[in-house]
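As structure tokens, the structure follows; a few thoughts come after it.
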Amino acid sequence: MSSVLYMILATGMFFFQDTYFSLGGMELSLKNPCALAILFLALLNFTATVRLDRLMVLSRHTAVQALPYLIPLVFSAVIWVGAKAESATVLNGVSMILPQLLSVLVAAATIYLFGSKGIWYCLGAMCAANFISALVVIYAGGLAEFLQEFYTLLITFSQETGPLMLQLETHDLTFAFGPFLLYLLLHWKTSPHPVLWLVIVSFFCLVGLKRIAFPALVLALVTVLLLRLMPDRAARQTAMCVSIAMMAVSFLYIVGIRYGLFDYLEAQLGLDTKGRALLFANVAPYYEISFTYMGQGTGFERMVEWLSGAVQTVPLRTQTQIHNDFLRMYLNIGFIGYWVWLWSWLPARLGYWFRQAGKDAGCLFLGICVYCFILYATDNTIYYPYTMIACALVPMACRFDIQAKTALERRCAQWSGAAEGSLDTLHVER
């Protein structure tokens, strides 16, 4: 029963991405009630089953996975208090962070309900939502037109697309398939029906084709495979070095943007930056490369139309995106906040997964971070809820059942030892 209810709710959550409603001044997606219903389903299941083994492990996993989303909230709160921000500004920022935390909780609820198998339930719901979307588009435009546009999309590698394909170009869902594909390819022998999953997921990735996702996935896969060839200690140390290098590169990338990198690429090398040179030029007045730069607060990017530079009086979700999540985070939470956020996103969590779940999970997590690194540097994916669910759920699922069993056995041994010690003390007193 739980599996049927979950599939219905999760499919609805993935299907209603672009359906919004307003509540208390915050613009929320219809997917959020479905996500909350999944949490309620997991809570009901907990009251009926009380799986302490899963709860003990998931409580730690959830806290660690939520850390990079709590850091911006803390720094933004300081900025808002210092600037005496209006309630609309605070609500705007909080409305961007809450879906991130909700995504982590949905991932945890999925793992609590199904254990390691939760990864396949979630992936199945994503595929079902994509399939329903495809059926809606085919019904409206016709199968022949759908196939013709799909063929054009493939042979031009998304350079040319039609109105039907545009309706299926759900960036968030397409990017969210990446971590699942990475897990599938790395755990091919232990995955159920791997060929079937690969065919289905590959088809939906191609339907919502995002070119940057392919090199990102390849780089992530190569990184993990190379780390797996190393001994455990060497793999962990190398992964940490890679994470520190990624932190440095992300900051240098911001410095380069601030001092005209994209202007140089466009003017001197003749590269088409897709309007990013103009966009970054309009962002430049709002931040500086300085230890004293404190940030503008989460959600500030909704206050400016970045292509024109026009400032808005109220935050708008439909504003042109910055298309660089590293720059966006630096703009929002400042120099110190940015480095603390980077630490929480990479080294802190990477060390945790190596310690708690071993080399396999640690390497997998770094692969997911490499994948996200490419997306963050070129797109605006850091607030994509489906991608966040995938990035949180996939590491959680890795060897989860074994971790839960081991944690419960260890705790039972501690309780047993404590009980025996109490009995011995009681006998001595008598």
**Prompt:** In debye, nearest 20: dipole of segment 58-207 around its Cα centre with unit charges on the Cβ of K, R (+) and D, E (-)?
**Reply:** 680
**Prompt:** Considering the dipole of the chain built from charges on the beta carbon (Lys and Arg +1, Asp and Glu -1) around the Cα centre, which of L278, L331, C241 is farthest to its positive end?
**Reply:** C241
**Asked** Along each of its three principal axes, how wide is the spread of alpha-carbon positions in segment 160-221, in whole angstrom units, largest first?
**Response** 39, 23, 17
**Request:** Could you quote the convex hull projected area for segment 97-150, Cα atoms only and averaged over all directions, in nm²?
**Result:** 5.3
**In nm, spacing of pseudo-spin labels at M230 and R51 (7 Å Cα→C-beta vector)** = 3.4
**Asked** What is segment 337-379 by shape, rounded, prolate or oblate, if you read a ≥ b ≥ c off the alpha carbon gyration tensor as root eigenvalues and call it rounded for a/c under 1.5, prolate for a/b larger than b/c, and oblate otherwise?
**Response** oblate
**Message:** Can you give me the angle between helix 385-397 and the longest principal axis of the chain, using Cα atoms only, in degrees from 0 to 90, rounded to the nearest 10?
**Reply:** 30
**Prompt:** If the limit is 25 Å between Cα atoms, which of K189/K405; K31/K189; K189/K210; K31/K405; K84/K274; K210/K359 go over it?
**Reply:** K31/K189; K189/K210; K31/K405; K84/K274; K210/K359
**Prompt:** Going from most exposed to least, what order do D360, D401, D379 have by accessible area with a 1.4 Å probe?
**Reply:** D401, D360, D379
**Three semi-axes of the equivalent ellipsoid, segment 357-410, Cα gyration tensor, whole Å, largest first** = 28, 12, 6
**Message:** Per residue, how much accessible surface does segment 1-141 expose to a 1.4 Å probe? Answer in Å², no decimals.
**Reply:** 45
**Request:** May I ask you to evaluate 6.51 cos²θ - 1.76 cosθ + 1.60, the Karplus curve with θ = phi - 60°, for each residue of segment 113-125 and list the ³J(HN,Hα) values in order in whole Hz, giving x for glycine and proline?
**Result:** 5, 10, x, 4, 5, x, 4, 7, 5, 5, 5, x, 5
**Request:** Label segment 296-348 by shape, choosing from rounded, prolate and oblate, from the square roots a ≥ b ≥ c of the eigenvalues of the Cα gyration tensor; if a/c is under 1.5 it is rounded, and otherwise prolate applies when a/b is larger than b/c, oblate when it is not.
**Result:** prolate
**Request:** Starting from the amide H of Y20, placed 1.01 Å from N in the peptide plane, find each other amide H under 5 Å away whose residue is 5 or more places distant or on another chain.
**Result:** L30
**Item:** segment 250-256 - phi-based ³J(HN,Hα) in whole Hz, Karplus 6.51/-1.76/1.60, Gly and Pro as x
**Value:** 4, 6, 4, 5, 5, 4, x
**Message:** Rounded to the nearest percent, how much of the accessible area of segment 297-371 (1.4 Å probe, protein heavy atoms only) is carbon and sulfur?
**Reply:** 61
**Complete:** The value for segment 41-170 (convex hull of the alpha-carbon atoms, volume per residue, Å³) is 194
**Å² per residue, accessible surface of segment 173-237 at 1.4 Å** = 50
**Item:** Relative contact order, percent, the chain [alpha-carbon distance under 8 Å, six or more residues apart]
**Value:** 24
**Asked** What's the Kirkwood radius of the chain in Å, using all Cα pairs?
**Response** 23.2
**Asked** How much solvent-accessible surface does M303 expose, in Å² to the nearest 10, with a 1.4 Å probe and all protein chains in place?
**Response** 30
**Asked** Reported to two decimal places, what Rg/Rh ratio describes segment 198-245 when computed on Cα atoms with Rh from the Kirkwood expression?
**Response** 1.15
**Asked** Taking Cα centroids, how far is segment 70-112 from segment 37-65 in Å?
**Response** 22
**Request:** Find the percent of Cα-Cα distances in segment 207-341 that exceed 20 Å, and round it to a whole number.
**Result:** 58
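The values are calculated or read from the model by the stated rules, or taken from the named source; none is laboratory data. Bear in mind that the values here come from a model prediction, so they are computed numbers and not experimental data. FYI the Cβ positions are ideal-geometry reconstructions off the backbone, even for glycines, and counts take in every protein chain you see. Quick note on the areas: whole protein, heavy atoms, side chains included, nothing else; ligands and nucleic acids left out. Shrake-Rupley method; radii C 1.70, N 1.55, O 1.52, S 1.80 Å.
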